[in-house]
Amino acid sequence: MNFSLIICTYNRRNAIETLMNSIVVQLLYPNQIIIVDGSLNLETKAYFESANFKNLDYFLVDDINRGLTKQRNFGISKVNSTTEIVCFLDDDTILDEKYFEEIINTYARFPDAFGVGGYITNEVKWEKNTLDFKEDKKYFTYDGFHRSEDKRFILRKSLGLDSDVLPGFSPLFSHGRSVSYLPTSGKIYKVEQLMGGVSSFKKEVLDIHKFSTYFEGYGLYEDAEFTIRISKFGQLYLNTNAQLEHHHDASGRPNKYNYGKMVVRNGWYVWRTKNPNPKMIHSFKWHSITILLTLIRVANILTTNKRKEALTESLGRTVGWFSLLTNKPLIID
């Protein structure tokens, strides 16, 4: 299959060089690489001008097209007409050499796929269950594997607020378990959500569906909104053999106050994309979990060394929640 790769970047010249080094050794190389650079300096531009990458198209965008969702949509507009699959990668990822081969093979194996996601290996440690393994609240178990359970989920379980759907799917009250709760089993799982920075989609899907313009700038949860929206029309898959690392480069991220506001307001937007007309119980659970997670962040002021970050994010979450009472986000169809 003919496939294009879109990488959106912002002031991360060193991170993207590391990513490119992992792309050039791929067993299956992209037919087109589109770099959409929203940087405020020319360091990334100079890097690509001095490098010699095959099939590469570089674009330095201005304010009109700067911001993750805008840059992704700009990149989609530059995809070759012969492209069948469009891959997206965050600029701070590092690929296993079989990454693209595994992604493209998934489309061949599942012709109904609208999209296929890769699997991040460096953020969660999974272990295969042994014969003497015993269930415990400190572990999350799935498909013969277990990982440490997040303390937030332990608390939510005790309050009857745990997710009631499989990992990679969103409950009707949102706040589900992401694809990071799928184990390193070597299997391909059906999902409803993908992480945007390690995703791919059929070009025919992107010809119809674009990333929402609501998510400007950093674009927190824009991937959840997009994939939940398109999963209403077709199937998404996650291939645990399409492996890569994500190193979360700190540059280009919003301050913690704005991040906190995004967590709540963007989270509300994603929830209402999934469930436009929630029942009272779904609304109660969404708000209860949102408030609970805010209180946990407040407690972090006393329990972590990064007290200023915990304080400012808590304030952002609080302001974000109160803003929903008078100024809810407008859902863009």
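The values are calculated or read from the model by the stated rules, or taken from the named source; none is laboratory data. Please read these numbers as outputs of a predicted model, since none were measured by experiment. Every residue, glycine as well, gets a Cβ built from its backbone with ideal geometry; the counts of neighbours run over all protein chains shown.
Restricting to segment 11-37, what's the tally of residues that are touching a Leu at 6+ places or on another chain (Cβ under 8 Å) and either closer than 25 Å to Thr106 by Cβ or among the aromatic types (Phe, Trp, Tyr) (or both)?
Residues that pass the stated criteria total 9.
Just name the residue that is nearest to the chain's Cα centre (by Cα) out of those in segment 62-85 that are small (Gly, Ala, Ser) and surrounded by fewer than 16 Cβ atoms within 10 Å (Cβ to Cβ).
Result: Ser77.
On the given criteria, is Ile104 out of contact with any Ser or Thr (no Cβ under 7 Å at 6 or more places or on another chain) and free of Cβ contacts under 8 Å to residues at least 24 places away in the same chain?
no
(1) surrounded by fewer than 22 Cβ atoms within 10 Å (Cβ to Cβ); (2) in contact with a Lys or Arg (Cβ under 8 Å, 6 or more places away or on another chain): which one isn't true of Tyr10, the others all being true?
Tyr10 satisfies every listed condition except (1).
With the requirement that a residue be closer than 21 Å to Ser283 by Cα, surrounded by fewer than 14 Cβ atoms within 10 Å (Cβ to Cβ) and polar (S, T, N, Q), what does segment 140-170 give you?
Ser158
Cβ contacts < 6 Å: first residue of a type in the set (A, V, I, L, M, F, W, C), restricted to segment 136-160; second residue in a loop (DSSP other than H, G, I, E, B) and crowded, with 16+ Cβ neighbours inside 10 Å, any location; separation 6+ or different chain. Result?
Filtered contacts from segment 136-160: Phe140/Glu149; Phe145/Trp126; Phe145/Pro183.
Going residue by residue through segment 178-200, is there one that turns out to be over 24 Å from Asn241 (Cβ atoms), in contact (Cβ under 8 Å) with a residue 40 or more places away in the chain and not assigned by TED's automatic domain parsing to the domain that holds Ile230?
No: zero hits.
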